[in-house]
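**Student:** Take a look at this one; I'll ask things after.
The values are calculated or read from the model by the stated rules, or taken from the named source; none is laboratory data. Bear in mind that the values here come from a model prediction, so they are computed numbers and not experimental data. Reconstructed Cβ throughout: ideal geometry from the backbone, glycine too, with neighbour counts over all protein chains shown.
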Amino acid sequence: MSGHERAPTPATTPATAAAAEAGTGFAGAPPALRLAGISKNFGGVDALVDVDFEVAPGEIHCLAGENGSGKSTLIKIVSGVYQPNPGGTIEFGGRRYEGLTPGAARRLGVQVIWQDLALFPHLSVAENIAFERNLGLWPRPSRRREMRRTARAMLGRLGFELDLDQPVQSLSIANRQVVAICRALVAEATIVFMDEPTASLTQSETRALLAVVRRLSEAGIAVVFVSHRLVELIEIAERITVLRDSRRVGVFEAGRITHHRLAELMTARALDTTVHARDRAGEEVSLEVRGLGRHGEYEDVSGRLHRGEVLGLTGLLGAGRTEFALSLFGMTRPDAGEIRLDGARLVLGSNRDAIAAGIAYVSEDRLTLGLVQAQSIADNVTVTVIERLRRLRWFIDAERKARTVGDWVRGLSIRIGTPEDPVTTLSGGNQQRVVLAKWLATTPRVLILDSPTVGVDVGARAAIFEIVRDLAERGMAILLISDEVPEVYHNADRILHMRGGRIVGEYRPGETSLETLEEAVYG
Amino acid sequence: MAERGAERGPDPRGGGPRTREHGRGPAGRLRPRLPRLLRPASVEGWLVIVIVVIGASLGLATDTFLSLANLFDLLNISAINLIFAAGLLVVLVAGGIDISFAVGASVVQYLTALTILSLGGGSWVSGIALAMAFGFLLGALNATLIHYFRIISIVVTIATFNVFFGFLMFFTRGVSIYDLPDWWLDRVILFEYETASGDFAEITLPVAATVITVLATWVLLRRLNVGRQLFALGDNPEGARRIGVNVAAMHFIAYGWLGVCAGVAGLMQAHYVQEVVPNALYGRELDVLAAAVLGGARLGGGRGTILGVILGVLLIAITQNGLNLLGISPYAFQMLIGVVLLAAITTTNVSWEEVFGWVRRGRARASRVRVSRA
């Protein structure tokens, strides 16, 4: 959060020369991990090219880079999943290792906490933490008491207390993360990789997690932290290694870099941080809600969304933003108040009614709700308008379908192989555009975007907002929901702040500073 | 079922909203609560209640059901299914399913009988050893196909079910074996009690075999490291692989264990009916599967208890026995098994919230609200 206060790094010192300097700060004890000249290619595609990477014992080191920049390949090489091309060196504690296997890496103290955590939802907290004690094929008693003792000790080291007998599936995501970290401690980790651990945490949970990371570091365990939230990276890290296009851009001291600079290094582009807000109050009102409420979710929400306006809706996770949006989209029914579209009262029995009325909703959880992952790009784009592509009543007009898909792929410059490829082959940013295309194909008048940049990297985010502004320019009314305040601040014309199910404030980016808004939302 | 409700309940320690963990919308919100009395803590609790209720009604409706002879008979009849069910539980817990074990047991009966006869007699010791070995081999065949050829277990075992049964009928031409050695046929009565009416209430060898199998399975699943790895594999296969569980070995242990149990069950069944008939066990697989699922074993893995499975088998046996005593057609029982399977699957894989949420959404749709333009 404090990223803005830090002194900006001079723009003249990007590349590797400065990076090498930053690396010398930890000379002395042998590094916990040192990679030198690591390359890896899959067929003709370079995943990593001549990458150096060094982590000191107990250091918190961040790995920054866009999707596809080689972060996961690097983690997989260190954890023994992939073998690097011959020529590079991997050292742990000053000793060189070759032919690393997953088992060998674990024995050397490498632990990776993947985003999905790899826990066992029906097993108890204790068993999840100390599961290692169960491994092996030679039958022996599963020592439950000993496992509980271990689990309690590990939780204690992190300063947490959880019911050891509770099944993990009943825990919050934040607490599951704690369980996963404890498991790494049981394995006597000396270096822990965390792959986007904060992606689905709320602000306060994130703070708690960062505190845990600091504790690990104090205990001499090095932590390599991967995140898309740059402000967070700068807050937690001592040093940051930036990867771009499979190469290392450099190593930077976190205290001497801003998140704008970091974003530029990751994308090799100057980042647009202008405020785009315009005044649209003069336009016709497109969507209006009056005293809308739904028991236990949100209440007394009133407001207007004008044509061509980008209205930001921000607030912490659980503030009722998504619940409110779902009612606008007809997925749930409000029990008080009314919704008006272009001056006419709208009663929505289902989301089909909403689509028919011209409302589109791009859900927050793109991966599970927004896309049919295994199906082709073409099928995903046209799923909302399949009715309109019919020919002879029961058949799909293949030609019109292809034309529709082609139009949207070009219109949103989605980078695809062929329209028949499954959606899974696309990057996060391009998947998000497919979702957008799917909804834009319905020619909506109101577009609700719920956290459109979750899991989308910095460069692709800017592109998505360019599309959003362009749509607004053409008269679409857009409701932009996000818990990342800077994102809303830079892209919305007007911002509503929601807390505890109510609208508690309205801001105009031109008149309010980002700091004030952040203070109001996060404070 | 009620247990599921508890799991989804709000988490006081959770620290933060849990909206991202479960689906949003009406289905996730609605939590109908059953009255406290009707909400035992577990599937096992439910089964005990249902068994007591059915038992009591049958006791009132017939004068034979609650007789000692009938109850012991029930136990003797259930023995084979209990052995099967214990084995099947291990496979279910590990995230698999097996359709082939019952006909597999028939194959084991034949192989054991032919081997024993060609060796000139044998004994219980050699018989059991052979049956277990043949059973393990059949299970290992399933495990090999599932693990090394990466075919899902239901497809593999439907195929091997057909292979085993076809093989059996083809090579035996449907002919039964009657001239089994004496040790195999002689009834072994472990406990006998003459009732006032002159009937004999007996506990026989299959019951002893059941007790041993059930205990061994309990120890495996609850008390041994290997069993915990089986649970982990069923719960999150990728997670298990990553933490270092030997997945191949787990598949061989699970299907091998079921194979061994099926072998023992086959031996006991031949002992019980005094002959080896090629299609005697055909169709048992679904009864046993229904019982296991009814007993709370989760299709998809990671959850299930031996007690639940025992209660499931007993409930089905009692129902069948009761229908018999009441003189109701056996087809009614078959129908019942199907309904039980459906009910169990819908209530274990889909939570009550989802079911009720769906009903509610359905009603909302039925009342057809349209977009009105004033």
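**Student:** Tell me, please, whether a residue that is touching a Lys or Arg at 6+ places or on another chain (Cβ under 9 Å), within 14 Å of another protein chain (Cβ to nearest Cβ) and at pLDDT 90 or above can be found in the stretch B:83-94. Please lay out each step first, then the result.
**Tutor:** Within the stretch B:83-94, the subset touching a Lys or Arg at 6+ places or on another chain (Cβ under 9 Å) is B:84, B:92-93.
Then keep just the ones that are within 14 Å of another protein chain (Cβ to nearest Cβ); that gives B:92-93.
Next, from what is left, pick out any that are at pLDDT 90 or above: B:92-93.
Checked the stretch B:83-94: at least one residue is touching a Lys or Arg at 6+ places or on another chain (Cβ under 9 Å), within 14 Å of another protein chain (Cβ to nearest Cβ) and at pLDDT 90 or above.
**Student:** Looking at (1) surrounded by 17 or more Cβ atoms within 10 Å (Cβ to Cβ); (2) over 17 Å from B:GLN109 (Cβ atoms); (3) in contact with a helix residue (DSSP H, G or I) (Cβ under 6 Å, 6 or more places away or on another chain), which is the one condition that is false for B:ALA270?
**Tutor:** (2)
**Student:** Another question, then. Could you please give the count of residues in the stretch A:388-407 that are assigned to a helix (DSSP H, G or I) and either among the aromatic types (Phe, Trp, Tyr) or under 17 Å from A:VAL372 (Cβ atoms) (or both)?
**Tutor:** Of all residues in the stretch A:388-407, those assigned to a helix (DSSP H, G or I) come to A:388-389, A:398-407.
Within this subset, residues satisfying the condition of being either among the aromatic types (Phe, Trp, Tyr) or under 17 Å from A:VAL372 (Cβ atoms) (or both) are A:389, A:401, A:404-405.
The number of residues fulfilling the criteria is 4.
**Student:** Looking at (1) in contact with a helix residue (DSSP H, G or I) (Cβ under 8 Å, 6 or more places away or on another chain); (2) not in a helix (DSSP H, G or I), which is the one condition that is false for A:PHE465?
**Tutor:** (2)
**Student:** Quick check on A:VAL434: is it at pLDDT 80 or above and either within 28 Å of A:VAL285 (Cα to Cα) or in the same structural domain as A:SER327 (by TED's automatic domain parsing) (or both)? I'd like the intermediate steps shown before the answer.
**Tutor:** Numbers: at pLDDT 80 or above: yes; either within 28 Å of A:VAL285 (Cα to Cα) or in the same structural domain as A:SER327 (by TED's automatic domain parsing) (or both): no.
Against the criterion (at pLDDT 80 or above and either within 28 Å of A:VAL285 (Cα to Cα) or in the same structural domain as A:SER327 (by TED's automatic domain parsing) (or both)), A:VAL434 does not qualify.
**Student:** Looking at the stretch A:26-40, can you tell me whether even one residue there is surrounded by 14 or more Cβ atoms within 10 Å (Cβ to Cβ) and at pLDDT below 50?
**Tutor:** yes
**Student:** Separate question: Could you list, in sequence order, all residues of the stretch B:222-278 that are without any contact (Cβ under 8 Å) to a residue 12 or more places away in the chain, aliphatic (A, V, I, L, M) and more than 7 Å from chain A (Cβ to nearest Cβ)?
**Tutor:** Across the stretch B:222-278, the qualifying residues are B:ALA240, B:VAL273.
**Student:** Here's a follow-up. Residue check: is A:GLU66 at pLDDT 70 or above, within 27 Å of the chain's Cα centre (by Cα), more than 24 Å from A:TYR97 (Cα to Cα) and not in a helix (DSSP H, G or I)? Working first, answer last.
**Tutor:** On the way: at pLDDT 70 or above: yes; within 27 Å of the chain's Cα centre (by Cα): yes; more than 24 Å from A:TYR97 (Cα to Cα): yes; not in a helix (DSSP H, G or I): yes.
Yes; evaluated as a whole, the condition is true for this residue.
**Student:** Go over the candidates A:ALA151, A:ALA174 one by one and state the one that is farther than 30 Å from A:LEU35 by Cα, within 17 Å of the chain's Cα centre (by Cα) and either buried (at least 21 other Cβ atoms within 10 Å of the Cβ) or of a type in the set (Phe, Trp, Tyr) (or both). Don't jump to the end; show me each part of the working.
**Tutor:** On the way: A:ALA151 fails: within 17 Å of the chain's Cα centre (by Cα).
Result: A:ALA174 is the single residue among A:ALA151, A:ALA174 that is farther than 30 Å from A:LEU35 by Cα, within 17 Å of the chain's Cα centre (by Cα) and either buried (at least 21 other Cβ atoms within 10 Å of the Cβ) or of a type in the set (Phe, Trp, Tyr) (or both).
**Student:** Further, regarding this structure: So, A:ASP279, is that one more than 25 Å from A:ARG352 (Cβ to Cβ), acidic (Asp, Glu) and in a loop (DSSP other than H, G, I, E, B) or not?
**Tutor:** Numbers: more than 25 Å from A:ARG352 (Cβ to Cβ): yes; acidic (Asp, Glu): yes; in a loop (DSSP other than H, G, I, E, B): yes.
So A:ASP279 passes the test.
**Student:** Between B:ALA113, B:ALA140, B:ALA69, B:ALA102, which is modelled with pLDDT of 95 or more and over 19 Å from the mean Cα position of the chain (by Cα)?
**Tutor:** Values: B:ALA113 fails: modelled with pLDDT of 95 or more; B:ALA69 fails: modelled with pLDDT of 95 or more; B:ALA102 fails: over 19 Å from the mean Cα position of the chain (by Cα).
Being modelled with pLDDT of 95 or more and over 19 Å from the mean Cα position of the chain (by Cα) holds for just one of B:ALA113, B:ALA140, B:ALA69, B:ALA102, which is B:ALA140.
**Student:** Still on this structure, I have one more. Only one residue in A:ARG352, A:ARG333, A:ARG345, A:ARG304 is within 14 Å of chain B (Cβ to nearest Cβ) and part of a strand (DSSP E or B). Which one? Can you show your working first?
**Tutor:** Details: A:ARG352 fails: part of a strand (DSSP E or B); A:ARG333 fails: part of a strand (DSSP E or B); A:ARG304 fails: within 14 Å of chain B (Cβ to nearest Cβ).
None of the other options fit; the residue is A:ARG345.
**Student:** In the stretch A:293-326, what residues are among the acidic types (Asp, Glu) and under 16 Å from A:LEU480 (Cβ atoms)? Quick ask: steps written out before the conclusion?
**Tutor:** Filtering the stretch A:293-326 for residues among the acidic types (Asp, Glu) gives A:297, A:299-300, A:309, A:323.
Scanning the stretch A:293-326 gives a single hit, A:GLU309.
**Student:** Criterion first (away from chain B (no Cβ under 14 Å), within 28 Å of A:THR424 (Cα to Cα) and either modelled with pLDDT of 90 or more or not in a loop (DSSP other than H, G, I, E, B) (or both)) does A:ALA374 satisfy it? So that I can check it myself, show each step before the final result.
**Tutor:** Values: away from chain B (no Cβ under 14 Å): yes; within 28 Å of A:THR424 (Cα to Cα): yes; either modelled with pLDDT of 90 or more or not in a loop (DSSP other than H, G, I, E, B) (or both): no.
Judged against the criteria, A:ALA374 is not a match.
**Student:** Further, regarding this structure: Somewhere in the stretch A:450-459, is a residue under 21 Å from the mean Cα position of the chain (by Cα) and in a strand (DSSP E or B)? Steps first, please.
**Tutor:** Step one: list which residues in the stretch A:450-459 are under 21 Å from the mean Cα position of the chain (by Cα), which gives A:450-459.
Still in the running and in a strand (DSSP E or B): A:450.
Checked the stretch A:450-459: at least one residue is under 21 Å from the mean Cα position of the chain (by Cα) and in a strand (DSSP E or B).
**Student:** Specify which of the listed residues (B:SER123, B:SER118, B:SER42, B:SER106) is in contact (Cβ under 8 Å) with a residue 24 or more places away in the chain, more than 25 Å from B:ILE203 (Cα to Cα) and among the polar types (S, T, N, Q). Let's see the steps before the verdict.
**Tutor:** Working: B:SER123 fails: more than 25 Å from B:ILE203 (Cα to Cα); B:SER118 fails: in contact (Cβ under 8 Å) with a residue 24 or more places away in the chain; B:SER106 fails: more than 25 Å from B:ILE203 (Cα to Cα).
Answer to the check: B:SER42.
**Student:** Next question. What do you reckon, is A:LEU317 within 27 Å of the chain's Cα centre (by Cα) and not in a strand (DSSP E or B)? Break it down stepwise before answering.
**Tutor:** Details: within 27 Å of the chain's Cα centre (by Cα): yes; not in a strand (DSSP E or B): yes.
When the stated conditions are applied, A:LEU317 passes them.
**Student:** Before we move on, is B:ALA41 modelled with pLDDT of 95 or more, in contact with an Asp or Glu (Cβ under 8 Å, 6 or more places away or on another chain) and away from chain A (no Cβ under 12 Å)? Can you show your working first?
**Tutor:** On the way: modelled with pLDDT of 95 or more: no; in contact with an Asp or Glu (Cβ under 8 Å, 6 or more places away or on another chain): yes; away from chain A (no Cβ under 12 Å): yes.
So B:ALA41 does not fit the description; no.
**Student:** Inside the stretch A:146-187, can you point out the residues that are at pLDDT below 90, outside any helix (DSSP H, G or I) and away from every other protein chain (no Cβ under 12 Å)?
**Tutor:** Matches in the stretch A:146-187: A:GLY159 only.
**Student:** Does the stretch A:287-305 include one or more residues that are within 29 Å of A:SER513 (Cβ to Cβ), of a type in the set (S, T, N, Q), surrounded by fewer than 20 Cβ atoms within 10 Å (Cβ to Cβ) and out of contact with any Asp or Glu (no Cβ under 9 Å at 6 or more places or on another chain)?
**Tutor:** no
**Student:** Can you work out which of the residues in the stretch A:115-145 that are within 22 Å of B:ASN246 (Cβ to Cβ) and assigned to a helix (DSSP H, G or I) is nearest to the other protein chains (Cβ to nearest Cβ)?
**Tutor:** The selected residue is A:ASN134.
Residues checked against (1) part of a strand (DSSP E or B); (2) of a type in the set (A, V, I, L, M, F, W, C); (3) over 16 Å from A:GLU323 (Cβ atoms); (4) free of Cβ contacts under 8 Å to residues at least 12 places away in the same chain:
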position	(1), (2), (3), (4)
A:MET498	yes, yes, no, no
A:GLY505	yes, no, yes, no
A:PRO509	no, no, yes, no
A:VAL521	no, yes, yes, no
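**Student:** Right, A:ALA472: out of contact with any helix residue (DSSP H, G or I) (no Cβ under 9 Å at 6 or more places or on another chain), among the aliphatic types (A, V, I, L, M), surrounded by 19 or more Cβ atoms within 10 Å (Cβ to Cβ) and within 22 Å of A:GLU364 (Cβ to Cβ) or not?
**Tutor:** Values: out of contact with any helix residue (DSSP H, G or I) (no Cβ under 9 Å at 6 or more places or on another chain): yes; among the aliphatic types (A, V, I, L, M): yes; surrounded by 19 or more Cβ atoms within 10 Å (Cβ to Cβ): yes; within 22 Å of A:GLU364 (Cβ to Cβ): yes.
So A:ALA472 passes the test.
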